[in-house]
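The values are calculated or read from the model by the stated rules, or taken from the named source; none is laboratory data. What you see is a predicted model, and the numbers here were worked out from it, not measured in a lab. All Cβ positions, even for glycine, are placed from backbone atoms using ideal geometry, and neighbour counts span all protein chains on display. These area figures cover heavy atoms from the full protein model, side chains too; ligands, DNA and RNA do not enter into them. Shrake-Rupley method; radii C 1.70, N 1.55, O 1.52, S 1.80 Å.
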Amino acid sequence: MSTMGRKKLVIAEDHTILREGLKALLTTHPEIEIVGEAEDGREAIRLVEILNPDMVMMDLSMPRMDGMEAIREIKRRWPKKKVLALTAHKTEEYIITTLKAGADGYLLKDSTYQEMMTAVNSVLSGKRYLSPGISGKVIEGYLEGKQTVKFDGTWDNLTNREREVLKLIGEGYRNKEIADLLVISPKTVEKHRANLMTKLNFHNASEITAYAIERGLVVK
């Protein structure tokens with residue numbers, strides 16, 4: 001098939017080895033062309049604007065701007081753009097939040113090559129795809145529009161920036177490193193950290209880390 005007939009994909013994944021592996025696997029498909037690679041959500045949005053791909057394969061856990069926020073922004077600006085979320089997170093709340101953000105598919109990282117290609121083909125053809133590893137309860141609840149997950153009100157009270165800081169603290173980054181990653185001042189990071197402590201009623205970074213792991217923001 002000529003290049004003109006291929007579907008254009010952008011891969012957003014901050015781990016170089018995983019990104020290169022995905023690229024190698026996807027390029028075996030004669031109808032797919034990888035036109036761009038991103039290491040964070042902001043870069044993914046920029047590539048969508050520049051390259052106009054048919055689909056973005058989006059990792060959810062990335063620095064600077066995570067995949068969830070990137071999905072929301074992409075769907076806000078280009079509602080018909082296809083996005084396949086790629087993640088290790090299996091928690092019900094994470095899955096439903098991702099779907100509500102606008103993801104057209106949810107693929108687990110422990111999926112087989114065949115499952116990945118099925119997901120890619122399904123999303124590109126306009127269908128929704130959810131990994132077989134996701135519980136039927138989550139799928140049924142989402143499709144029926146029911147609130148199958150009791151969301152933590154405290155979590156809902158956190159701002160997007162506070163959630164970004166929480167995730168980075170959970171990953172072991174220090175204030176200055178977080179400031180560099182988010183392009184904000186260390187004093188601003190300290191303020192967000194203090195707000196997190198107050199809102200979540202925590203007293204140290206260990207409690208924040210445990211909470212981040214519990215919510216599926218950090219994989220340990």
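List of remarks:
- Per-atom-type breakdown for segment 152-195 gives carbon and sulfur 48% of the accessible area (1.4 Å probe, protein chains only).
- FRET efficiency, 1/(1 + (r/R0)^6) with R0 30 Å, evaluated for K191 and R128 via beta carbons: 0.15
- Folded to 0 to 90 degrees: helix 67-77 orientation relative to the chain principal axis, Cα: 60
- Base-10 log of normalised Debye intensity for the chain (one unit scatterer per alpha-carbon) at q = 0.08, 0.14 Å⁻¹: -0.29, -0.88
- Cα lying deepest toward the dipole's positive end in segment 67-119, options L99, T87, Y113, charges on Cβ: L99
- Pairwise Lys count, segment 1-110 - Cα closer than 19 Å, eight or more residues apart or different chains: 19
- Spatial separation of Cα centroids for segment 179-198 and segment 1-69, in angstrom: 30
- A simple rule links phi to the HN-Hα coupling: the Karplus curve 6.51 cos²θ - 1.76 cosθ + 1.60 with θ = phi - 60°, which for segment 28-38 gives 6, 7, x, 9, 10, 10, 7, 9, x, 9, 10 Hz, with x for Gly and Pro.
- Heavy-atom surface of the chain, accessible at 1.4 Å and reported per residue (Å²): 50
- Once the Cα atoms are used to define both axes, helix 186-200 deviates from the longest principal axis of the chain by about 80 degrees.
- With R₀ fixed at 25 Å, the C-beta to C-beta distance from E20 to K109 puts the FRET efficiency at about 0.95.
- Per-atom-type breakdown for segment 21-104 gives carbon and sulfur 50% of the accessible area (1.4 Å probe, protein chains only).
- Helix 41-51 vs. the chain, principal-axis angle (Cα, 0 to 90°, nearest 10): 30
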